[in-house]
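So the structure is just underneath, and the comments pick up after that.
Throughout, read-outs are computed from the coordinates displayed, never taken from laboratory work. Everything numeric in this text was worked out from a predicted model, so none of it was measured. Here Cβ is always computed from backbone atoms with ideal geometry, including for glycine, and neighbour counts include all displayed protein chains.
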Amino acid sequence: MAKKKNTSEFPKWNYAPAPESTSHIQLKDRYDLYIGGKWVKPLSKKYFKTINPANEKTLAQVAYANEKDVDKAVKAARKAYDEVWSKMEPSERAKYMYRIARLMQERAREFAVIESLDAGKVIRESRDVDVPLACNHFFYYAGWADKLEYAFPNRKVSPIGVAGQIIPWNFPLLMAAWKIAPALAAGNTVVLKPAETTPLTALKLAEVIHDAGLPDGVVNIVTGYGDTGAAIVNHPDVDKIAFTGSTNVGKIIQKAIAGTGKKATLELGGKSANIIMDDAPLDEAVEGIVNGIFFNQGHVCCAGSRLFVQEGVADKVIEKLKHRMDSLIVGDPLDKNTDIGAINSREQLGMIHKYIEIGRKEGATMYQSNCELPSSGYYCAPTLFTNVAQSSIIVQEEIFGPVLTIQTFRTTDEVIQKANNTPYGLAAGVWTDKGSRIFNVTTKLRAGVVWANTYNQFDPASPFGGYKESGFGREGGLHGLSAYVKQNEYGTVRSVENV
Ligand code: NAP
Ligand code: MG
């Protein structure tokens, strides 16, 4: 347990009423695969453990799906697609989706605690951000299921077929909902693979899907390692790949599907700029910077990991930032007062430490918050680096942890040039009092999402996705729906591609 007392709200979400207990959470010792509407033992005969990164204890054993298991899941999804789901009245599909959303709401507390246990994220965030947003994705896309002709006017719209969906460990339930909901609304069936370190909420979602009575095989959940994901990508009967994860794996997937005709949406890494202009309300801006980089331990693809601050206010901002960092509580994810929970895995903690070491070797000046870290589990103190160059490795590469770099700038042109000078293009933020500056900067930043005087705002109706090595395609809103439909203009076979 960390020692510091939290002095102000972080981030600006409601506090949980009481520390969460785990006594009402019933985890099974062992989870099988959810295929064809049944829990089935893996043909691989193998299981792996998922742990709680806050204390390194095993939470459950989870089935490992090999190529044969994936094949079984794809066959179940194909059968469900051909025989049931693609033929069903869209309004009926919507009813199933509403039912799933309602059941998720009823079990929201359980979902939130399991998410915090499995991923290490703080309960306040699981409860107030991840779970409600995941429910809202089902509600939102259920609403579109029977209105596709309005979503895509003058087009004959049909589903793509079997969607293979592969998700990362930073927002496990939310990513599952984000992927499954638009696919179902448009009439596709799904084989989804959660990340190896965070399979439990996707398996819980399978229970909800089962209880909602979704026809067998419409959603199949296969747990496993990277090769389970690769088996989905390479399966000849999968029509569409939706992947969220690292840029490296995204590139492997792109190569694997080249020439196959499979459709793809890739949501990859980021190194997003958060810019403070000299006229910005500084306290609000600093709060936004803290939220931008320390939310979810910095395990956020769109984390505002590069702060650019205008010279005239730089000293003041850095001082305020350090003060605010010192007030953050790092510790038990289930404690309602915790601001920064556990790093998701030993491997990720090692990666973050490696980058911190690189920063020091590069000659940057490091500041780490004055907090005591728990003695077991994977934790990292909030860290910032000043005195960095644009070419520094810690400025250029995604760290995916609570590590912020700070650069100063004089002119707007300079900051736009520096902010855009990265292989990524996922998100950005700007803090200023002037509307004209917002317009000028936001239109010149090459990022899929740009926030002004706020950060990390998400809504199922808003499209999300990147440029350059941050991937392609958009998820959320109508763009997210269009990633799961074939659109034929007046009976021709011309497909209108997603963004
Ligand atoms: P990752 O290593 O790329 O893994 C993502 C998923 O792909 C996991 O389920 C993983 O399985 C699976 N996988 C691994 N190798 C594969 C292969 N060769 N073929 C198919 N699937 C494979 O990424 P991560 O470490 O879990 O997540 C962090 C990354 O995700 C960061 O770069 C972050 O920026 C990015 N991200 C992007 C967004 C976005 O919307 N743009 C959102 C969240 C995260 P295992 O877990 O079993 O290895
Ligand atoms: Mg885990």
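Here are the numbers for the structure shown:
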read-out: Extension reserve of the residue 440-residue 55 stretch, reckoned as 0.36 nm per residue once the Cα distance is removed; value: 133.9 nm
read-out: Helix-only CD estimate at 222 nm, as mean residue ellipticity for the chain, using -39500 (n - 2.57) per DSSP H run (n ≥ 4); value: -11000 deg cm²/dmol
read-out: Relative compactness, the chain, computed as alpha-carbon Rg over 2.2 N^0.38 Å; value: 0.96
read-out: Contour minus Cα-Cα distance for residue 211 and residue 413 (0.36 nm per residue); value: 67.2 nm
read-out: Candidates per trypsin sites (Lys or Arg not before Pro) in the stretch 352-455, loop by DSSP, up to 13 other Cβ within 10 Å; value: 410, 434
read-out: Linear extension gain, residue 44 paired with residue 375, 0.36 nm per residue minus alpha-carbon span; value: 115.5 nm
read-out: Shape of the stretch 264-398, Cα gyration tensor, a/c cut at 1.5; value: rounded
read-out: Loop-located GluC sites (Glu not before Pro) in the stretch 371-456 whose Cβ has at most 15 other Cβ within 10 Å (DSSP); value: 372
read-out: Pair residue 368, residue 323: separation of 7 Å Cα→Cβ label points (nm); value: 2.4
read-out: Student exercise, the stretch 288-341 dipole from Lys, Arg, Asp, Glu Cβ charges, in Debye to nearest 20; value: 140
read-out: Cα radius of gyration and Dmax for the stretch 21-70 (Å); value: 12.8, 39
read-out: Dipole magnitude of the chain about its Cα centre (Cβ charges: Lys, Arg +1; Asp, Glu -1), debye to nearest 20; value: 940
read-out: Rounded to 5, percent antiparallel among DSSP beta bridges of the chain; value: 40
read-out: Cα centroid separation, the stretch 47-114 to the stretch 396-444 (Å); value: 38
read-out: Distance between the stretch 247-298 and the stretch 213-233 - C-alpha centres, whole angstrom; value: 26
read-out: Cα-centred dipole magnitude for the stretch 67-118, charges only on beta-carbon of K, R (+1) and D, E (-1), debye, nearest 20; value: 220
